[in-house]
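Scroll down for the structure; my scribbles are underneath it.
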Amino acid sequence: ANGNRVDGVDTLPRGGNPPMTHWAIGESKQDAMILLIDPAIAPGKYSLHIGLYDLDSLQRLMLAGGQDHIALETIEVIE
């Protein structure tokens with residue numbers, strides 16, 4: 001609720017196969033990730049966000065809307 005990051009996954013899109021530098025402009029790809037949630041995390045609602053960054057500079061990549069991430073979904077952790 002307060003915007004603090006509590007966990008994350010850092011991986012290459014589609015495992016790097018093919019590298020994003022080989023994607024056509026406007027091309028979309030499906031991907032799947034597993035996010036293991038720490039059992040000590042406090043119960044509550046958490047929003048899932050995704051973003052990309054340049055691997056060489058570690059600079060976040062901006063989306064067309066001017067943001068560096070998008071919200072995917074909200075999940076609820078219960079006891």
* Asked: Using the Karplus equation 6.51 cos²θ - 1.76 cosθ + 1.60 (θ = phi - 60°), what ³J(HN,Hα) coupling, rounded to whole Hz, does each residue of the stretch 21-29 give in order, writing x for Gly and Pro?
  -> 5, 9, 6, 6, 4, x, 6, 10, 9
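Per residue, how much accessible area does the chain have with a 1.4 Å probe, in Å²? Intermediate results must be reported in sequence, preceding the final value.
Numbers: 7050 Å² over 79 residues.
Accessible area per residue: 89 Å².
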* **Phi-based couplings in Hz for the stretch 69-74 (Karplus 6.51, -1.76, 1.60; Gly and Pro marked x)** => 7, 10, 7, 9, 6, 10
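Carbon-plus-sulfur fraction of the accessible area of the stretch 1-72, 1.4 Å probe, in percent?
C and S atoms contribute 55 percent here.
What does the convex hull of the alpha-carbon atoms of the chain project to on average, in nm²?
Working: hull surface 26.2 nm².
Across all orientations, the chain yields a mean hull projection of 6.6 nm².
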* Asked: Taking H as built 1.01 Å from N, whose amide H comes closer than 5 Å to the amide H of LEU52, not counting residues under 5 places away?
  -> LEU61
* **Kirkwood Rh and Cα Rg combined as Rg/Rh, the stretch 2-41** => 1.12
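The values are calculated or read from the model by the stated rules, or taken from the named source; none is laboratory data. Computed from a predicted model, the values in this text were never measured in an experiment. Ligands, DNA and RNA are stripped out before the accessible areas are found, and what is left, the full protein with its side chains, is counted by its heavy atoms. Shrake-Rupley method; radii C 1.70, N 1.55, O 1.52, S 1.80 Å.
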